[in-house]
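Since the structure comes first, as structure tokens, the remarks are kept for the end.
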Amino acid sequence: MHDFFSKNGFLEVKPPGFDYTSTFFHHVSDSEKDKILKSRDLGGKEISPSLDLTIQVVKGMSGFSSKKGSSKVYYTGRIVKDLSKSLGARREIFQAGAEIIGHSNG
């Protein structure tokens with residue numbers, strides 16, 4: 001997988017495994033918000049493990065929106081996901097993705 005993306009001009013990024021819980025609230029339904037695992041960082045802010053690495057990649061790359069052209073990035077990592085409605089159904093799975101972020105005209 002790494003060879004494929006590298007040969008096609010993508011740069012690897014390493015998204016964080018945790019982010020502020022509020023980041024994920026914008027991407028899940030109200031009924032799913034209670035299912036997000038929560039903890040606190042050393043400063044007392046609520047943090048959660050990534051439920052989708054795409055959110056962190058797009059959030060991180062948004063700072064480059066004024067850059068001309070586009071950025072091709074790919075990422076891999078482990079995330080925690082609910083696989084069914086039963087208790088104990090949260091599993092750590094491997095996610096891989098690729099994004100082309102920016103302007104298509106240059």
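The values are calculated or read from the model by the stated rules, or taken from the named source; none is laboratory data. Source: prediction; values computed, not measured. Note: accessible area is taken over every heavy atom of the protein model, side chains too, but ligands, DNA and RNA are not part of it. Shrake-Rupley method; radii C 1.70, N 1.55, O 1.52, S 1.80 Å.
The table below lists the values:
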read-out: Flagged links, alpha-carbon separation over 18 Å, of Lys14/Lys59; Lys7/Lys59; Lys7/Lys72; Lys38/Lys81; Lys45/Lys81; value: Lys7/Lys59; Lys45/Lys81
read-out: Percent accessible area from carbon and sulfur atoms, segment 1-53, protein chains only, probe 1.4 Å; value: 55
